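**Q** Structure incoming, see below.
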Amino acid sequence: MAMEMRLPVPRKPVSESLGRETKKHLVVPGDTITTDTGFMRGHGTYMGEEKLIASVAGPVERVNKLICVKALKTRYNGEVGDIVVGRITEVQQKRWKVETNSRLDSVLLLSSMNLPGGELVRVSGWYCMILGGSKRERRVRDLLLGSDFSDVAISVFQRRRSAEDELAMRGFLQEGDLISAEVQAVFSDGAVSLHTRSLKYGKLGQGVLVQVSPSLVKRQKTHFHDLPCGASVILGNNGFIWIYPTREHKEEDAGGFIANLEPVSLADREVISRLRNCIVSLVTQRMLLYDTSILYCYEASLPHQIKDILKPEVLEEIVMETRQRLLEQEG
């Protein structure tokens, strides 16, 4: 049996600016945050004997007079507009059950997705059917009216779902399929309703799924990133991160149901594997995940082999360099 032995490696000194920036007020359940009654109670806190007490473990965050504690490890709490990556767990009547790392299974309704087979287009009172089900309004205008009628109002509607669509649901999405979607609504019990009414959402093809804590994914305007290293990532707000090779020609007519199952080249697989190990390294050191931090970590890992990235001394060196570059960028 092969055995690997490593000698102790001296730690690199942490810069003073880096040490000051990383200091946070950490609390555990039962710790007193403040005795000042002028602060408002936020998530992860409760009032007891005129004191604000933490109910979860994590760093204390303060916004003006609002104090909350962001849990280090928690289930996903959905918010409208969040981008999520999920796995189909069950096909039910007119809906799919989706695992999204929340307390309850999420729901994707048959009426909340673009179906292949046509869109109903209304042009000045006339209706016509556009085959394919994924034409954008500007393409419809160019196809039907031409540039001379660009001022004519066009409305695109999804056709009514029929019994045939319900019978073919497992042909669209079946158990085990991975999808990207957007949160449409959050119910009173915490369950999440999803929708895929956009060409950037739908079934996912070849790639690697990494599961992290939702608290480590930084909220941004976009969570779909094409990295210059040759791979793309979907940073789900629910903590599911999808890494896949960047497509040279993105098909707009796929409608979200045609998954790319072509063989992935060795070079792309190496890039994806390196990105996966870099994300795991950042998660181990409790760093926020977003496109810049992942890219900096990837560049810092290039001198090392992919299999060595997760070694403790290499991991610490890579993350330390990444953190230093981020601080220099922030100024």
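**Q** Criterion first (open to solvent by 30 Å² or more (accessible area, probe 1.4 Å), part of a helix (DSSP H, G or I), modelled with pLDDT under 80 and over 30 Å from Gly239 (Cα atoms)) does Asp165 satisfy it?
**A** So Asp165 does not fit the description; no.
**Q** Restrict the check to the stretch 294-309 and report whether at least one residue is outside any helix (DSSP H, G or I), surrounded by 15 or more Cβ atoms within 10 Å (Cβ to Cβ), touching a strand residue (DSSP E or B) at 6+ places or on another chain (Cβ under 6 Å) and not small (Gly, Ala, Ser).
**A** Checking the stretch 294-309: not a single residue is outside any helix (DSSP H, G or I), surrounded by 15 or more Cβ atoms within 10 Å (Cβ to Cβ), touching a strand residue (DSSP E or B) at 6+ places or on another chain (Cβ under 6 Å) and not small (Gly, Ala, Ser).
**Q** What residue, among those in the stretch 30-62 that are of a type in the set (S, T, N, Q) and in a strand (DSSP E or B), is nearest to the chain's Cα centre (by Cα)?
**A** Checked the stretch 30-62; the qualifying residue nearest to the chain's Cα centre (by Cα) is Thr45.
**Q** In the set Val121, Val85, which member is surrounded by 15 or more Cβ atoms within 10 Å (Cβ to Cβ), part of a strand (DSSP E or B) and modelled with pLDDT under 85?
**A** Val121
The values are calculated or read from the model by the stated rules, or taken from the named source; none is laboratory data. Computed from a prediction, not measured in an experiment: that's the story for all the values here. All Cβ positions, even for glycine, are placed from backbone atoms using ideal geometry, and neighbour counts span all protein chains on display. What goes into the accessible areas is simple: the full protein's heavy atoms, side chains included, and nothing from ligands, DNA or RNA. Shrake-Rupley method; radii C 1.70, N 1.55, O 1.52, S 1.80 Å.
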